[in-house]
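Written below as structure tokens is the structure these notes are about.
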Amino acid sequence: MLPYQPLNRSVAGKTLLITGAASGMGRATAHLFAREGAKVMATDLNGDGVEAVAEEIRADGFSDIQAMALDVADPEALKGAVSATVEAFGALDILINNAGFARPVHPKEEAYEEVWQASLNVMLTAHQRLIRAALPHLMASSEGGRVVNIASTEGLGATPLNGPYVAAKHGVIGLTRAMAVDLGRDGVTCNCICPGPIITGITDGIPDEHKEIYAKRRVPLRRYGIPEEVANITLSLCIPAASYLNGAIIPVDGGMSIKNA
Ligand code: NAI
């Protein structure tokens, strides 16, 4: 039998690039990685918002954090974010594709086409572009590069009026599997988290009463999750010890996706 091998469970000193970090799960993830000793490049379409998050993190005593405005729909800006991360911290070990938005639309509406294009651009095409831009650095990462894509339980099924979002999130699951297969030999793992209903900017407009009714009906844990509950699972996928997890699609949904009735 091989001797027992203790594996590294810390992201301390690793460099993280994350999108959509001004709010919700991205913000919680930036906080958590900074607390764990990672160097964090936090980006968001909302430049002021992400700078404010960086200030919060610095105020907590963690100085290895930088913020930058980034529209993930802009291919050149994605390349710029990778360069800025490497310039600031000298490496890029972990990439988290998190930015997203939800805009309800019915197939009969004229706006469907526009929402489709925007959803696919921001929540699918950007992921592959950023992974490919970051790849040389992820491959050079000493203990193996990590990619985590944030999809959704909308990637596993569909709720009404969500077509473009559902299609993008199903695509993220396919992209995760494809990247896992193609990048494994380069020592880069690619995994995906499917959050269920989480209290963030995206669900802000849903009245609390509706949230409660929905959660009690659909979620075995009978409540919405909080962003930190997703951030901690993301972290666990990025530790060096998670070295044999590749291509996994992990629901973080209080059990919603396995509940039949
Ligand atoms: P949020 O609204 O709190 O945060 C999303 C962030 O993405 C915002 O700061 C926003 O400015 C940013 N963003 C939007 N478009 C962007 C663009 N073009 N470029 C760069 N940044 C952009 O929402 P939340 O929930 O934290 O969203 C994070 C991810 O989680 C999204 O991909 C979302 O689809 C996913 N998700 C959310 C669920 C929920 O219940 N809140 C459930 C399942 C998945």
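Where a number appears in this text, it was derived from the coordinates with a stated rule and is not lab data. All values reported here derive from a predicted model rather than from experimental measurement. With ideal geometry, Cβ positions are generated from the backbone for all residues, glycine too; neighbour counts draw on all protein chains shown.
Computed values, structure above
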read-out: Euclidean distance of C-alpha centroids, the stretch 187-261 and the stretch 40-66, integer Å; value: 23 Å
read-out: The chain: angle of helix 75-89 to the longest principal axis, Cα-based, in degrees nearest 10; value: 40 degrees
read-out: Relative compactness, the stretch 125-211, computed as alpha-carbon Rg over 2.2 N^0.38 Å; value: 1.29
read-out: Computed label-point distance, nm, for sites residue 181 and residue 226 using a 7 Å Cα→Cβ extension; value: 4.0 nm
read-out: Label-point gap, in nm, between residue 244 and residue 52 - each point 7 angstrom along Cα→Cβ; value: 4.5 nm
read-out: Mean separation of Cα contacts under 8 Å (6+ apart) over length of the chain, as relative contact order %; value: 20 percent
read-out: Rounded to the nearest 20 debye, dipole of the stretch 15-248 from Cβ charges on Lys, Arg, Asp, Glu; value: 860 debye
read-out: In sequence order, calculated HN-Hα J values of the stretch 131-147 (Karplus, 6.51, -1.76, 1.60; Hz; x Gly/Pro); value: 4, 5, 5, 7, 3, x, 6, 4, 5, 7, 5, 4, 10, x, x, 10, 10
read-out: Radius 11 Å from Cβ of residue 66, net charge of other residues (Lys, Arg +1; Asp, Glu -1); value: -1
read-out: Volume per residue of the C-alpha convex hull in the chain, rounded to whole Å³; value: 144 Å³
read-out: Expected 222 nm ellipticity per residue - DSSP helices of 4 or more, -39500 (n - 2.57), all of the chain, to 500; value: -13000 deg cm²/dmol
read-out: Cα pair distances in the stretch 27-121, grouped into 10 Å bins until the bin that holds the longest one, percent each; value: 15, 41, 26, 13, 5, 0
